[in-house]
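Structure first, then comments.
FYI, it's all coordinate maths here, none of it is from the lab. For clarity, every value in this text was computed on a predicted model and none was experimentally measured. Using ideal geometry, Cβ is built from the backbone for each residue, glycine included, and neighbour counts are taken over all protein chains shown.
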């Protein structure tokens with residue numbers, strides 16, 4: 001498989017993702033594409049229109065093939081149109097390049113692009129599982145439809161890259177590919193060394209200097225269970241020294257705003273997507289993650305790189321990162337979160353960053369993956 005791909009000029013690597021929102025999968029993808037481009041590979045990105053990181057990809061001189069019909073929600077008409085447009089693009093590229101490698105990210109783009117590639121007789125197909133498209137709490141119909149389609153697409157995927165062993169174990173549990181098809185490549189971040197004037201940040205965000213900040217960085221979608229964060233804030237309203245900040249956007253924002261208004265929760269701030277997340281980490285006294293489903297939460301790695309105390313759910317990926325960590329809670333266990341926040345706020349406990357997987361190693365493993 002490696003002998004016919006030595007010439008980079010004859011090879012095109014196409015990555016595909018549903019949307020360039022601000023999220024862990026998108027941040028990791030940007031790192032991969034920038035690395036491959038620097039190494040001299042021909043790269044292109046297929047993505048849906050828009051997203052908070054769209055211009056960051058553009059400014060990194062990454063060619064984006066925008067597929068407006070490629071959207072996160074299931075819509076038979078848009079999905080078929082997206083498939084046809086992607087297939088036509090792949091057929092064009094086959095005329096120009098001797099070798100084409102397809103690498104997909106996120107469930108929707110992963111399914112549509114891999115099927116299109118297979119029907120274009122492209123055989124080098126990879127998929128990184130940043131998180132499965134099915135999760136507990138979903139409707140049973142959606143749950144099993146996603147599993148069924150993932151089983152089919154896994155059959156013609158060279159490698160399924162899991163961002164944690166937990167992700168791989170879930171796939172094997174539901175018979176998506178066999179063990180030999182999986183390769184774990186952990187997400188990673190470098191230790192942060194950015195120094196920011198926290199007083200200026202607080203002033204900019206109109207935050208009292210005396211307030212201790214409990215921060216959660218996550219999109220407002222069901223797998224992240226953001227309403228639990230609001231309920232934690234509600235339970236801790238009596239502590240006037242705490243301010244809860246939720247940084248992220250998503251389809252649950254409206255229902256969260258309704259809940260906040262209904263129960264008059266005045267110690268929480270919905271910040272939306274924040275351009276400089278590092279400044280939020282530096283003013284945070286503590287971070288939480290209320291997710292019920294994750295692949296490998298980049299936000300926890302970022303928080304660890306700043307040695308910020310964390311209270312998170314005890315789902316598999318979190319336990320994999322936070323080895324033997326005692327401040328984990330069952331999903332939806334609001335009282336447990338409250339107890340642990342109170343403990344960590346009082347003792348100002350620091351956490352040593354002991355997740356020793358480097359970004360350099362992560363990127364090199366992706367390059368080796370393609371046998372180039």
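Cα centroid separation, the stretch 228-262 to the stretch 278-313: 17 Å. For the chain, the longest principal axis of the Cα atoms and the long axis of helix 24-38 meet at an angle of about 50 degrees. Orientation-averaged projection of the stretch 150-217 equals 7.8 nm² [convex hull of Cα atoms, one quarter of hull surface area].
Could you tell me how many degrees, from 0 to 90 and to the nearest 10, lie between the Cα long axis of helix 253-262 and the main elongation axis, the longest principal axis, of the Cα atoms of the chain? It works out to around 10 degrees. Structural descriptor for the chain: relative contact order 15 percent, calculated from alpha carbon pairs under 8 angstrom and at least 6 residues apart.
For the chain, modelled as a Gaussian network with Cα springs under 10 Å, which listed residue fluctuates most, 150, 303, 96? Comparing 150, 303, 96 in the GNM, the peak value goes to 96. Does anyone have the angle between helix 334-347 and the longest principal axis of the chain? Alpha-carbon axes, 0 to 90°, nearest 10? The angle comes out at about 70 degrees. Over the chain, DSSP H runs of length four or greater, each weighted -39,500 (n - 2.57), average out per residue to a 222 nm ellipticity of -12500 deg cm²/dmol.
Over all distinct Cα-Cα pairs of the chain, the Kirkwood formula returns a hydrodynamic radius of 21.7 Å. Note on the chain: GNM, Cα springs under 10 Å; of 168, 330, 262, the largest mean-square fluctuation is that of 262.
Our summary gives the stretch 48-106 a relative contact order of 24 percent, counting only alpha carbon pairs under 8 angstrom and 6 or more residues apart. Here the ratio of the Cα radius of gyration of the stretch 198-347 to 2.2 N^0.38 Å is 0.96. The fraction of Cα-Cα pairs per 10 angstrom bin, counted from 0 for the stretch 1-65, comes to 21, 52, 20, 7 percent, rounded to whole percents. What shape does the stretch 128-174 have by the C-alpha gyration tensor, where a ≥ b ≥ c are the square roots of the eigenvalues, rounded means a/c under 1.5, and otherwise prolate means a/b greater than b/c and oblate the rest? Oblate is the answer for the stretch 128-174, as a/c is 1.5 or above yet b/c matches or exceeds a/b. Stretching residue 65 away from residue 307 to a fully extended chain increases their span by 83.3 nm, per 0.36 nm per residue minus the current alpha-carbon distance. As a proxy for reagent exposure, 196, 161, 17, 347 were ordered by neighbouring Cβ count within 10 angstrom, fewest first; the result is 347, 196, 161, 17. With a ≥ b ≥ c the root eigenvalues of the C-alpha gyration tensor of the stretch 203-276, is it rounded (a/c under 1.5), prolate (a/b larger than b/c) or oblate? Taking the square roots of the gyration eigenvalues as a ≥ b ≥ c, the stretch 203-276 is oblate. The Cα-based radius of gyration and maximum Cα-Cα distance (Dmax) for the stretch 84-131 are 10.5, 34 Å.
With all distinct Cα pairs included, what does the Kirkwood hydrodynamic radius of the stretch 1-131 come out to in Å, to one decimal, could you say? About 14.8 Å, per the Kirkwood formula over Cα pairs. Note on the stretch 55-192: Cα-Cα pairs beyond 28 Å make up 21% of the total pair count.
A crude spin-label estimate for the pair residue 91 and residue 276, with each label 7 Å from Cα along the Cβ direction, gives 4.9 nm.
Footprinting exposure proxy ranking of 362, 296, fewest other C-beta atoms within 10 angstrom first, gives 362, 296. Normalised by the number of residues in the stretch 198-347, the mean separation of alpha-carbon contacts (under 8 Å, six or more apart) gives a relative contact order of 25 percent.
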